[in-house]
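The next block holds one structure in the form of structure tokens; read it before the comments.
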Amino acid sequence: MQMKDNRLRHKQQQSDESRRQNRVEDQVKLTCIKCGEFACYSDDLRCIKGAHHVVVDGSFTSRFETKPMKKPVPLNNGMTIQEVLVCKKCKLDWGNLAKFEGKELPLIHTKGFLFDNAMGKRKTMKKWKEVWFQIKDYDL
Ligand SMILES: [Zn+2]
């Protein structure tokens with residue numbers, strides 16, 4: 001006679017929960033935390049030296065505006081921050097525009113965005129260390 005294992009009787013909700021814990025790399029949508037305007041997808045993010053997060057999607061430039069800073073801030077890796085990056089629609093602070101050897105790199109911080117995952121769950125992130133998805137490295 002065969003014994004039935006009750007533990008095998010999973011509910012759908014429980015399997016959803018375990019999938020979440022496995023940190024499935026879904027495409028995550030970043031939207032402005034204030035006005036809801038689309039910013040970029042997680043696939044368009046790259047990490048510079050484990051510290052800065054740049055958006056590599058070329059069309060991202062049409063979604064932000066920049067404001068000059070009083071004083072440029074040099075970073076320890078040869079980049080210089082010269083402008084503040086804000087949401088084009090509501091002017092919320094999204095990050096900084098860094099310059100490196102003539103290239104302009106839009107760096108964003110997490111607190112300006114809502115992170116929308118495939119299951120429709122929206123999250124706020126205080127730090128990049130908190131994000132559950134993988135971000136590829138960017139070579140300067
Ligand atoms: Zn906005």
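Points to keep in mind about this one:
- Above-threshold pairs, the threshold being 19 Å between Cα atoms, out of K34/K136; K71/K99; K34/K91; K29/K136: K34/K136
- The range 107-140 and the range 57-81 have Cα centres separated by 19 Å.
- With a Förster radius of 25 Å applied to the beta-carbon distance between A118 and D139, the computed FRET efficiency rounds to 0.30.
- Cα shape, the range 82-123, gyration tensor, a/c 1.5 rule: prolate
- Loop-located GluC sites (Glu not before Pro) in the range 93-140, at most 11 other Cβ atoms within 10 Å (DSSP): E101
- Ranked list, fewest to most other Cβ atoms within 10 Å of each Cβ, for H52, H109: H109, H52
- Sorted ascending by nearby beta carbons within 10 Å, beginning with the fewest, R122, R63 become R122, R63.
- Modelled FRET efficiency - R0 25 Å, K89 with C47, Cβ distances, 0.05 increments: 0.40
- Amide H contacts under 5 Å for A39: L30, T31, C32, restricted to partners 5 or more places along the chain or on a different chain, H placed in the peptide plane at 1.01 Å from N.
We did not get these values from a lab; they are worked out from the coordinates using the rules stated. In this text the structure is predicted, and so the values were computed from the model without any measurement. FYI the Cβ positions are ideal-geometry reconstructions off the backbone, even for glycines, and counts take in every protein chain you see.
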